[in-house]
Every structure is written in C-alpha cells, then in structure tokens.
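The values are calculated or read from the model by the stated rules, or taken from the named source; none is laboratory data. All figures in this text were calculated on a predicted structure; none of them were measured in a lab. Don't worry about glycine lacking a Cβ; one is built from the backbone with ideal geometry, like all the others, and counts go over all protein chains shown.
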Amino acid sequence: MNNRLSLSQAFVFLLRRDLLVALRNRAEYAMPILFFVLVITLFPLAIGPVPELLSRIAPGIVWVAALLAAMLSLDSIFRSDFDDGSLEQILLSPHPVAVLVLAKVCAHWLVTGLPLLIAAPLLGQMLGMPQQALPTLLLTILIATPVLSLIGAIGVALTVGLRKGGIILSLLVLPLYVPVLIFAASAVDNAAAGFDVSAQLTMLLAFLFLSLSLSPWATAAALRMSAS
Amino acid sequence: MFLWFHKFGSPPHFYRIAGKWIPWLSGLFLVLVTAGLFGGLIAAPPDYQQGDSYRIMFVHVPSAWMSMLVYVAMAVCGIIIMVWRMKLAEIVLISSAPIGASFTFLALVTGSLWGKPMWGTYWVWDARLTSELILLFLYLGIIGLHNAIEDKRVAARAVAILAIVGAVNVPIIHFSVEWWNTLHQGPTVTKFDKPSIYWSMLLPLLLMALSFQVYYVLALFQQCRAELLRRERNSKWVEEL
Amino acid sequence: MIEFFNMGGYAMFVWPSYAISALVLWLNWYLPRNQHRKLLRQLQSRHGSQQQ
Amino acid sequence: MSTSALLETRNLSCIRNDRHLFENLTISLEPGRILVVEGPNGCGKTSLLRILTGLRLADGGEVLWRGEPIGQQAADYYEQVNYVGHHDGVKNELSCIENLRLARAMGIPSNVGLDEILEQVNLYAYGDSDVASLSAGQKRRLALSRLLATESLLWILDEPFTSLDKDSMKLFGGLFEQHLQRGGIIVMTSHHDISLPQQALTRLKLGQQV
C-alpha cells in the first residue's frame, strides 16, 4: 500500500499546476498590470500635469491603483476551478485544504501581484516620484501584494458561489485592505521625503505573517461553505 | 450550564421567552432613557469650553460603544455557529447586523453634528470617526453578503466567517487609523475628546449607555422573533401558534 | 424655558442629533415588530385556510 | 449493526429551502455492494451524494465510515473516496496526462501506469492533447478514468454515464464490477439501466417520503 504524497509535494504540485494553467491563458493575467497603468494615467488628466503636485501625491496614487488592480484580479483565483468542478476535487483531497489554498494563492500572487513590481518604477517616473522613493516602493509592493492576495482570497471564497459576486467582493475586501494601504502609502511617502521607513515596513511584514498564518484557514472554511 | 444553553437555544423556547421579555425590556429602556436624557440635557451644567454643544456626547458616545459591542457579539455568534452550528446563533447574528449598522450610522451622524460647532466642518478625518466609517462598511458587507446568498443556512455560515475575520481586523484597522491620524495631523489639533468629566455628566452618560444596551436586547428579540417566523415557516411548532 | 431649547446657541446641532437618534432607534424597533405581525397574520390566514 | 459495513448513514436528513428532501435515511454498505439512488429530478439524489462525500453538511443524522463519523477523520476518509459529480472536474487548459497526474497527487497513487489507464478508457491517442479539444463524451471518460488513478475503496458517482455511448457504458460497467470484486463500494445515480451483478445491487428510491 504506497501511501499518499507528502503535504509539501502536493503543495508544490498544485502550485506548478496553477502556474501552468496561468501560462496557458497569459492574456487574462496581463489585465491587472494594464489596469494599474491605466488608473495611474487618469490622475494627471484629472488633476493636471503640475509636477510638484503630482509628485506630492504620487505615493498615494500608486498605492490606491495597486490595491484596486490586485482586487480586480482576485476573482480568477477560484472562479475557473469552481466552474469546472476541480475545486470539489481539491476540497475532497486528504491533504488539509488550507495548505492547498495557500498554494493557489501563491500561484495567483506570482502571476498578478509580482508583475505590478515591473510596472511600478515606470509609473513612479511618470508621476515624478523622487528617485530615493523607488526602492521603498518596490519593497512595499513586494511585501504588501501577498497580503492583498491572502485577504482577498477570503472574500473570493465567500462570493465565488454567487451569481453577481463581484460587487459584494469589493465591499467585503476593501475595508480589510485599509491597514495595508495606510502603511504602504505612508512608507513610500516618507521615503520620498527621505525619512526612515523601517517602522512602516515592519508593520507590513507583521501583516504579511498574520495573514499568512490566519487567512488560509478562513478561506478553506469559506470554500467548503460555498461548495456545499 | 450547558443544559440551559441548549434548552435556551431551541427556537420555539426562545421565541416564547423573547415574547414574554419584550414588554419588560421596553419599560426598562424607557425608564433608563428618560433618566439619562433628564440628567444629560437638564441637570448637567454647560461645559466651560463647548457650552451646550457637548450634550450631543450623550448620544454619540453610547452609540459608538454599542457599534463596537454589537460587532463583538456578532463575532461571538459567528464562533458559536462555526463550532456548534446552533440555529439560534445564526438568527441572532443576522438580526444584530442591522442594529449594529444603525448604531454605527448614529455614531457617525451625531459625531459630525458635534464636530460642526467645534471645527466648522461636518466631516473631520478624526481617528475615531474614520474607524467608525470603516466599521460601517464591515456591517454593510455582512448584510450585503447575507442577502446575496439564497440558502439561508449557507448564508449564515458565510456571514459567520466574515464576522470572525472582521472581528480580527477591527482592532488592526483601529490601530492603523489612530497611527495614521497622529502621523498626518500632529498633536496640535485639539483632540476630539470629551470635556473633563464631572460626576454630573458621567452619570447621564452611563445611564444612556445602559439604556442603549437594553435597547439592543429589545430590538434584537424583536428582530429575532420576526426572523424565526420567516425561517421556520412550515416547521411544526409554528403551526400551533 | 426658551433658553433651554436654545441650547446656548447650539440648538441647530443638539436637537437634530437627538431627533435622528430617536428616529433611528424607533425604526429599529418598529420595523421588525411590523414584519413580525405581518408574518403572523400570513401564517394564521394560511393556517386558517388549511383548516377549512 | 454489522461491524463489517464500510459506509453507513444513521437517520440522515436534508432540507432544501424548507422542504424535507429525505428524512431519517439509514443505509449500510458492506464491501462489494453497489447502491443505485433513483428518483425524479430535484428529489435530492445529488444532495445525498454530496452529503456522503462531506461536501455538503447534512441537516440531521450522520455519515459513518468504518463506524466513525466522517467529520472526525477527514484525511483517512478522503483518501478512500473518489467523487465524480455533474462537473467533470478536469482543467481545459491542461492535457489528459497532466489532469490525471494531478488527480493521482490528490490521493493514494495506484500502481497502474497513466498511459495504461488512458488505454483502458481508450483515450490513449489523446494523452497529450488539451482537454479543451475533447468532446463531452471523452471528457466524461477522462473524469471517470480518475477512478483508476488512485487507490480508493468508495466511488461516489453522480450520473457517470451522461454523454457516454453504448460501448463506453459497457466498458465502465466492467470496471465497476472489477472494483466491486476487489471489495470496493459504489454509490451512484443513473438514468440509464446498467448491467450490474444483481445480487450486489441495492436500489434506493428517493422522493416518496415527501
């Protein structure tokens, strides 16, 4: 009787499968970056191209846009699996569902959260953000976008069974994003002014570890509930 | 204790008890609220700084406390739902949501009305008001999610998860907003605080807070009875009514 | 009595906030009570019709 | 209560928006038995199957695996369960082999080679082609081939023969028989009458008690 794969093997297996699936429909995963760039180009059009004003509010704009882009891409975590029934197979696996959910969220983050890193410096320049703020901007995106995916996964798991889940998703998830937005935006703002940002970064790391440890269980419970 | 918890938890039993308690609770609430209003509006002296405008505090502060208290109660119901799957906890949770949302809305409205004479603008990005606003969104999220799901047993479990996740986030949000507020505003602006409290002001405040708590139980029982009828439409015990 | 209602010049703020509070609290009690009564009537009428 | 029963339910009940689909349903399945659930549409066949898999919570009663409620032994129970529902549960973007490899990773891998499995359900020629290019019948066969990818005693199948042609049904009928002989159990719903050993078969009619 050969026994089942170890948990880590199943985790890596599901992670690789999801990345494979994402690779096969690349177009769908380019949307968040395009949305990110599009939203940011709207602000100068609305507020006027005055460089001093733009650079002053650049950190806030970049982070609000990153947050919305991350939220928009959340739906794809479970939607395709829910529709074709493979979500049920995951729920029926002997492995703890929370760990498999973590694999799916990691795959989703690698495909949507990380690419925002590429677009961010370019947009920082467009808004005239001071040079010294860029490393902090990249660092905050690197630390904060996984938190957005992890918390967002709870909202998606709750609304995946609903016909018009999209609107409810934003109402559920955005209030939970507020702490991340506050600390990330103020980190980049302080960096632009040359102050020390270690306080904000450590808070973001705390959020990361908190959501890494708690949110998979909530997401698993929510998935089990939506699948019933 | 568990037997009581279980017996009290059976819907028909709760329905009868709630029915018997409502008149008493209404009476108690009316007594407390008139005492509180009398103390707050008439007996308490005007504040040397804010004059009579501080009297809004007797409504603003209790509703802010209640908005937090009701959310904590909902989170506790959420845990009971997830662990023991008690049908009554589902009814209590979803019945508390509109009441909690109303208290939060009240706290926001009275807060901005109180802010007008002090700062000349209706909305001030003060730490507590901002957290109340986000708390209101959390309530609306819970109500929205519950309406969006048809099967009410599934909806109750979804809302239970959201209430627990929300409860974990409320202190974090509150802390972040406080931190954000001190960062941007700095200590110069007079903190949005109650005036120095004399006994003559504290008593009405506590009376009002107590009356709001009694009111919460009253409105909760009322809402639960309606929700129970709606949920148990064709079960046997409803037939005998 | 007049200066009581004047609230030291802040009448425009104190009374509306109390009025809104009274309204919201009353609604939260009144609406569920009505719903409850309406449901009871519906059940009785449905129950009554079953017996005939 | 025969202790040899693998799967039992004790007065199971299920309510869907205030209607009792079924009440105090007690069944017991020894190894080698097959239970066919029949009844009009919407009488709760699918709900019963989903309760047995644990995907859906029963409104009353409990499901026991080897005498123990499935809620307390999720890992061991799911090791032994293989569920094919209305949805095929296969990813369109992946090829047949990749889908099977994932299914194998999610349970106890059986020692039958993946190519051999595809051959048994004559999908060998489509091994590397994407599932998107397969017909409904082929997708269903791939979903059913998952049953062979893992070692599982309990097969729970919801309308397994939808969009399958005559000889595919005979083919899977044979596979079911082998599974029963190996001491496995099957719980399934089906509109088609399938040729199965009568003595191992028990039929459950739903929709009368309501």
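Per the listing B:VAL70, B:VAL76, the residue uniquely farther than 30 Å from D:GLY71 by Cα, aliphatic (A, V, I, L, M), out of contact with any Pro (no Cβ under 6 Å at 6 or more places or on another chain) and part of a helix (DSSP H, G or I) is B:VAL70. Scanning region A:69-90 for residues that are surrounded by fewer than 22 Cβ atoms within 10 Å (Cβ to Cβ) and assigned to a loop (DSSP other than H, G, I, E, B) gives a single hit, A:GLY85. Looking at region A:208-221, which of its residues are crowded, with 22+ Cβ neighbours inside 10 Å and either away from chain D (no Cβ under 14 Å) or among the charged types (D, E, K, R) (or both)? A:SER211, A:SER215, A:PRO216, A:ALA218, A:THR219 - these are the residues of region A:208-221 that are crowded, with 22+ Cβ neighbours inside 10 Å and either away from chain D (no Cβ under 14 Å) or among the charged types (D, E, K, R) (or both). Inclusion of A:ILE168 among residues that are surrounded by fewer than 21 Cβ atoms within 10 Å (Cβ to Cβ) and within 11 Å of chain B (Cβ to nearest Cβ) is warranted.
Consider region A:30-42 and keep the residues that are at pLDDT 90 or above and touching a helix residue (DSSP H, G or I) at 6+ places or on another chain (Cβ under 8 Å). The one that is surrounded by the fewest Cβ atoms within 10 Å (Cβ to Cβ) is A:THR41. The C-beta contact set for region C:1-25 (first residue on the phi > 0 side of the Ramachandran plot and within 7 Å of another protein chain (Cβ to nearest Cβ), second residue part of a helix (DSSP H, G or I) and charged (D, E, K, R), distance under 9 angstrom, 6+ apart or interchain) comprises C:MET7/B:ARG55. Criterion applied to D:GLY127, D:GLY183, D:GLY137 was being at positive phi and not polar (S, T, N, Q), and the one residue passing it is D:GLY183. Against the conditions (1) surrounded by fewer than 22 Cβ atoms within 10 Å (Cβ to Cβ); (2) closer than 20 Å to A:MET225 by Cβ, B:VAL72 satisfies every one except (2). I'd like to check something: does region D:70-77 contain any residue that is out of contact with any strand residue (DSSP E or B) (no Cβ under 6 Å at 6 or more places or on another chain) and polar (S, T, N, Q)? Within region D:70-77, one or more residues are out of contact with any strand residue (DSSP E or B) (no Cβ under 6 Å at 6 or more places or on another chain) and polar (S, T, N, Q).
For D:THR26, state whether it is hydroxyl-bearing (Ser, Thr, Tyr) and without any contact (Cβ under 8 Å) to a residue 60 or more places away in the chain.
Spelling it out, D:THR26 is indeed hydroxyl-bearing (Ser, Thr, Tyr) and without any contact (Cβ under 8 Å) to a residue 60 or more places away in the chain.
Can you tell me which residues in region A:102-138 are in a helix (DSSP H, G or I), surrounded by fewer than 19 Cβ atoms within 10 Å (Cβ to Cβ) and of a type in the set (A, V, I, L, M)? A:LEU110, A:LEU117, A:ILE118, A:LEU122, A:MET126, A:LEU134, A:LEU138, listed by residue number.
Please specify each residue of region A:139-161 satisfying the condition of being aliphatic (A, V, I, L, M), within 11 Å of chain B (Cβ to nearest Cβ), assigned to a helix (DSSP H, G or I) and over 16 Å from A:CYS106 (Cα atoms). Answer for region A:139-161, where residues must be aliphatic (A, V, I, L, M), within 11 Å of chain B (Cβ to nearest Cβ), assigned to a helix (DSSP H, G or I) and over 16 Å from A:CYS106 (Cα atoms): just A:LEU158. In summary, A:ASP83 fulfils each of the numbered conditions (1) within 14 Å of another protein chain (Cβ to nearest Cβ); (2) in contact (Cβ under 8 Å) with a residue 60 or more places away in the chain; (3) out of contact with any Pro (no Cβ under 6 Å at 6 or more places or on another chain) with the single exception of condition (2). Against the criterion of being under 30 Å from A:ILE90 (Cα atoms), touching a residue at least 40 places away in the same chain (Cβ under 8 Å) and away from chain D (no Cβ under 14 Å), A:PRO32 qualifies. Evaluation of A:SER93 against the conditions (1) within 14 Å of chain D (Cβ to nearest Cβ); (2) not in a loop (DSSP other than H, G, I, E, B) shows that the sole unmet condition is (2). Entry remark, region B:38-60: residues being buried (at least 20 other Cβ atoms within 10 Å of the Cβ) and not aromatic (Phe, Trp, Tyr) number 10 in total.
Inspect region D:158-174 for any residue being closer than 24 Å to D:ALA5 by Cβ, modelled with pLDDT of 85 or more, among the charged types (D, E, K, R) and touching a helix residue (DSSP H, G or I) at 6+ places or on another chain (Cβ under 7 Å) and give the result as yes or no. Within region D:158-174, one or more residues are closer than 24 Å to D:ALA5 by Cβ, modelled with pLDDT of 85 or more, among the charged types (D, E, K, R) and touching a helix residue (DSSP H, G or I) at 6+ places or on another chain (Cβ under 7 Å). Against the conditions (1) in contact (Cβ under 8 Å) with a residue 40 or more places away in the chain; (2) over 26 Å from D:ALA5 (Cβ atoms), D:THR189 satisfies every one except (2).
Yes or no, residue by residue, for (1) of a type in the set (Lys, Arg); (2) closer than 25 Å to D:PHE176 by Cα; (3) not in a strand (DSSP E or B):
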{"residue": "D:ALA5", "(1), (2), (3)": "no, yes, yes"}
{"residue": "D:THR9", "(1), (2), (3)": "no, yes, no"}
{"residue": "D:CYS14", "(1), (2), (3)": "no, no, no"}
{"residue": "D:HIS20", "(1), (2), (3)": "no, no, no"}
{"residue": "D:GLU23", "(1), (2), (3)": "no, no, no"}
{"residue": "D:THR26", "(1), (2), (3)": "no, yes, no"}
{"residue": "D:LEU35", "(1), (2), (3)": "no, yes, no"}
{"residue": "D:GLY42", "(1), (2), (3)": "no, no, yes"}
{"residue": "D:SER47", "(1), (2), (3)": "no, yes, yes"}
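The residues on offer are B:ARG157, B:ARG153, and the sole one that is in contact (Cβ under 8 Å) with a residue 24 or more places away in the chain, within 7 Å of another protein chain (Cβ to nearest Cβ) and either crowded, with 19+ Cβ neighbours inside 10 Å or more than 21 Å from the chain's Cα centre (by Cα) (or both) is B:ARG157.
Looking at region D:62-169, the helices (runs of 4 or more DSSP H) lying wholly inside it that each contain 3 or more residues that are within 16 Å of the chain's Cα centre (by Cα) sit at D:74-80, D:136-149.
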